[in-house]
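The values are calculated or read from the model by the stated rules, or taken from the named source; none is laboratory data. On a predicted model such as this, the values are computed, not experimentally measured, just so you know. Here the Cβ positions follow ideal geometry from the backbone for every residue, glycine too, while neighbour counts run over all protein chains shown.
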Amino acid sequence: MASTEGKYNIKAISTMLGIQPGTLRAWERRYQIIEPIRNTAGHRLYSDEHVAILRWLIDKVNKGFTIGQAVGLFEKGNIALQSPESTNHSDYSVQLSDDILHALLSFEEMKAHQLLNQAFSLFSIDKVTIDILGTLLVKVGHMWESNEISTAHEHFVTSFLRTKIGNIFHGLPVDGFLPKVVAVCGPNETHELGLLIFTLFLRRKGFEVIYLGTGIPNQDVELVLREVDAKLFFTSCTIEQNTKATSDLIHHLKGCFPDLIIGTGGYAFDQIEGDMKQDLESHIVGKTKADWEGWLRSNLQ
């Protein structure tokens with residue numbers, strides 16, 4: 001059992017666990033999850049037991065839980081207080097992603113719905129959409145391309161996810177001071193969920209996104225860009241044979257709208273090399289949330 005004797009001051013805890021003293025004090029005030037021991041001078045001292053609790057909470061926060069959710073789980077009891085390094089349990093979000101995929105590929109829509117609701121009750125919207133649904137999306141794409149699943153399976157999964165993501169998308173508020181965004185899948189593209197997840201990320205940041213989806217003629221894209229006076233445009237390409245047509249669209253729009261900020265991504269563009277990669281490098285937004293944040297910062301300065 002961890003010692004309850006006060007040993008560590010707040011600076012030592014901050015260094016050991018990588019948590020800012022202000023954050024630790026805020027957690028203590030709001031959740032009363034630990035109560036530091038006070039020495040004769042009134043300074044906080046933390047015990048080994050406190051360190052174990054904080055390490056457990058920080059591990060859960062790093063895996064996508066909010067601090068409130070982590071505290072709630074801790075208060076339910078039966079928690080093994082170990083350091084993350086001493087256990088080989090994987091991120092629960094990975095297990096949920098696999099379980100949702102298995103349910104969908106078995107056409108068990110109700111089970112998938114329940115699992116997804118569980119994910120949203122445990123994790124933030126960004127964690128669910130990017131880490132859980134995004135991971136699931138990549139797996140489905142690879143399975144379909146390698147003929148491990150049928151087109152019917154792929155369509156069923158896609159339809160389910162499109163509906164769920166769309167419901168979140170339309171319920172998010174818009175910041176009217178941010179520039180408008182138009183998003184459309186590249187020419188001849190049929191896979192839209194990757195772009196939809198990216199536009200959900202933009203909506204979470206407050207951008208008003210006019211999402212057009214698949215099958216939109218280039219002249220209609222131009223029409224919408226002019227009509228809404230968009231400042232940003234995003235497109236995606238997942239199929240290798242569509243890279244040239246998507247690249248041509250990007251260059252055409254650059255010619256028509258010199259001030260338009262254009263971003264692109266998708267599995268096919270992740271694989272390009274040579275002249276095309278060099279040509280499009282400044283437009284490729286990346287594959288992770290950190291990549292997306294960095295691309296936006298560098299292009300909106």
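Filter segment 255-271 for residues that are farther than 30 Å from LEU137 by Cα and part of a helix (DSSP H, G or I) and give the result.
First, pick out the residues of segment 255-271 that are farther than 30 Å from LEU137 by Cα: 255-259.
Result: GLY255, CYS256.
Only residues that are exposed (fewer than 15 other Cβ atoms within 10 Å of the Cβ) and acidic (Asp, Glu) were counted in segment 29-61, giving 1.
Take the residues of segment 178-192 that are surrounded by fewer than 21 Cβ atoms within 10 Å (Cβ to Cβ) and of a type outside the set (Lys, Arg): which is nearest to ASP259 (Cα to Cα)? Steps first, answer last, please.
Within segment 178-192, the first condition is being surrounded by fewer than 21 Cβ atoms within 10 Å (Cβ to Cβ), and the residues that meet it are 178-180, 187-188, 190.
Then drop every residue that is not of a type outside the set (Lys, Arg), which leaves 178-179, 187-188, 190.
Details: LEU178: 16, PRO179: 12, PRO187: 22, ASN188: 26, THR190: 28 Å.
Among those residues, the one meeting the criterion is PRO179.
Only residues that are assigned to a helix (DSSP H, G or I), closer than 30 Å to PHE74 by Cα and not aromatic (Phe, Trp, Tyr) were counted in segment 110-161, giving 24. Screening PHE234 with (1) at pLDDT 95 or above; (2) surrounded by fewer than 20 Cβ atoms within 10 Å (Cβ to Cβ); (3) under 18 Å from the mean Cα position of the chain (by Cα) gives one miss only, at (2).
Any residue that is of a type in the set (Ser, Thr, Tyr) and in a helix (DSSP H, G or I) - is there at least one of those in segment 1-21? There is at least one residue in segment 1-21 that is of a type in the set (Ser, Thr, Tyr) and in a helix (DSSP H, G or I). The single condition among (1) at pLDDT below 90; (2) farther than 18 Å from ILE239 by Cα that PHE269 does not satisfy is (2). Taking LEU54 as the residue in question, decide whether it is part of a helix (DSSP H, G or I) and either modelled with pLDDT under 85 or not assigned by TED's automatic domain parsing to the domain that holds LEU96 (or both). Here the answer is yes, as LEU54 does meet what is asked. Scanning segment 136-186 for residues that are of a type in the set (Val, Ile, Thr) and within 22 Å of the chain's Cα centre (by Cα) yields VAL138, VAL140, VAL157, THR158, THR163, ILE165, ILE168, VAL174, VAL181, VAL182, VAL184. Among the residues of this structure, ASP91 counts as one that is within 30 Å of SER159 (Cα to Cα) and modelled with pLDDT under 80.
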